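The values are calculated or read from the model by the stated rules, or taken from the named source; none is laboratory data. Computed from a predicted model, the values in this text were never measured in an experiment. Quick reminder, even Gly has a Cβ in these numbers, built from the backbone with ideal geometry, and neighbours come from all protein chains shown.
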Amino acid sequence: MEWASNTLGCISGSVFYTISSGFRIVEERLIALHALARKFAVLTISSAGTCGAMGKEIIVVKDIIRWWVEKNKLEKLPLVAKGASSGRYFVSVLATVLKFNSIAIMIAEGLFDQMKIESYPPTLFMHMPKDIVRQKKIDKHMKILKKKGVDVAEIECMEFPLSPHLLADRIPGLDQSVSAKLFELFRKKGFIDENGYMKNDGRKTRWKEAVRESKIVSLDDHLTHYIQEELNLAFAYHEMASLHADRMFKWFESHMK
């Protein structure tokens with residue numbers, strides 16, 4: 001089985017390996033590990049341009065995928081795609097010029113109201129209902145696709161509580177003791193409620209300042225990006241998520257024929 005993951009624009013370089021190899025997205029790495037465990041061949045593509053770039057990159061990416069498939073002699077296998085970051089819009093357009101067995105679009109509504117939809121592949125929307133504006137757009141686009149006879153489904157990603165060891169469990173290189181100290185600091189500063197839920201989106205939480213001012217937490221600077229990502233995910237407003245990766249791959253596998 002082949003799998004093309006598109007993180008065009010906002011992320012550059014390979015994102016599927018270890019921190020030491022330079023991956024930028026913790027959740028993307030976890031999704032890739034799920035894919036490999038299920039015997040998918042994985043290709044990830046990032047934009048050389050700016051976030052949200054389209055234009056000729058559609059043709060470039062189509063050619064890259066075809067070249068990679070031929071190079072690895074995978075022509076007879078099903079092809080699926082996941083779009084995240086600005087690639088979530090890109091994949092919705094790419095599916096009009098490249099034949100996929102199915103696609104998944106993460107935390108986005110796609111561009112279905114701006115393009116012709118003919119012979120479109122089954123489409124899975126993975127989103128966070130807390131983003132009400134985006135939820136309404138997704139509902140609208142699901143109706144558009146269904147009217148065209150496209151098989152459509154959605155997976156809702158909900159908020160979840162932090163725990164003393166959660167960050168260490170999800171971020172390679174983050175020590176368990178540091179994770180526990182961060183949890184206690186967040187509790188003390190009122191960033192989380194009595195049940196461990198984030199009170200606000202991680203982007204709007206002044207946790208970095210709290211860490212710098214704290215004398216009990218020593219945190220490597222390179223880990224702050226990954227921690228930020230996981231706090232965003234826990235609040236569940238707008239962030240890539242691997243939590244339902246198994247369901248996504250079951251969706252892909254159910255549309256392989």
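Can you tell which of G149, G190 is at pLDDT 95 or above and small (G, A, S)?
Criteria check complete, one pass: G190.
Yes/no per residue for (1) in contact with a Gly (Cβ under 7 Å, 6 or more places away or on another chain); (2) of a type outside the set (V, I, T); (3) not assigned by TED's automatic domain parsing to the domain that holds F125:
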| residue | (1), (2), (3) |
| --- | --- |
| E184 | no, yes, yes |
| Y197 | no, yes, yes |
| V211 | no, no, yes |
| Y226 | no, yes, yes |
| E230 | no, yes, yes |
| A245 | no, yes, no |
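Filter segment 109-139 for residues that are more than 22 Å from the chain's Cα centre (by Cα) and of a type in the set (D, E, K, R); which is farthest from N232 (Cα to Cα)?
E118
Give the residues of segment 20-59 that are surrounded by fewer than 17 Cβ atoms within 10 Å (Cβ to Cβ), of a type in the set (D, E, K, R) and at pLDDT below 85, sorted by residue number.
Passing the criteria: only K56.
Considering only residues that are more than 17 Å from M126 (Cβ to Cβ) and of a type in the set (A, V, I, L, M), look in segment 142-166 and name the one that is surrounded by the fewest Cβ atoms within 10 Å (Cβ to Cβ). Full working, then the answer.
Initial filter on segment 142-166 (more than 17 Å from M126 (Cβ to Cβ)): 143-144, 146-149, 161-166.
Then keep just the ones that are of a type in the set (A, V, I, L, M); that gives 144, 162, 166.
On the way: I144: 15, L162: 22, L166: 18.
Result: I144.
In segment 162-184, is there at least one residue being over 20 Å from the mean Cα position of the chain (by Cα) and among the basic types (K, R)? Spell out the reasoning first.
Here is the first cut: in segment 162-184, the ones over 20 Å from the mean Cα position of the chain (by Cα) are 163-165, 173-184.
So of that shortlist, the ones also among the basic types (K, R) come out as 181.
Yes, segment 162-184 contains a residue that is over 20 Å from the mean Cα position of the chain (by Cα) and among the basic types (K, R).
In the list V150, V93, which residue meets the criterion of being touching a strand residue (DSSP E or B) at 6+ places or on another chain (Cβ under 9 Å) and not assigned by TED's automatic domain parsing to the domain that holds F191?
Numbers: V93 fails: touching a strand residue (DSSP E or B) at 6+ places or on another chain (Cβ under 9 Å).
Result: V150 is the single residue among V150, V93 that is touching a strand residue (DSSP E or B) at 6+ places or on another chain (Cβ under 9 Å) and not assigned by TED's automatic domain parsing to the domain that holds F191.
How do the helices (runs of 4 or more DSSP H) wholly within segment 162-233 filter down when requiring 1 or more residues that are touching a residue at least 60 places away in the same chain (Cβ under 8 Å): which remain? Steps first, please.
Values: elements: 166-170, 176-189, 207-213.
Result: 166-170.
Scan segment 126-169 for residues that are within 16 Å of E109 (Cβ to Cβ) and small (G, A, S) and jot them down.
A153
Identify, by number, the condition in (1) in contact with a His (Cβ under 9 Å, 6 or more places away or on another chain); (2) at pLDDT below 95 that S214 doesn't meet.
(1)
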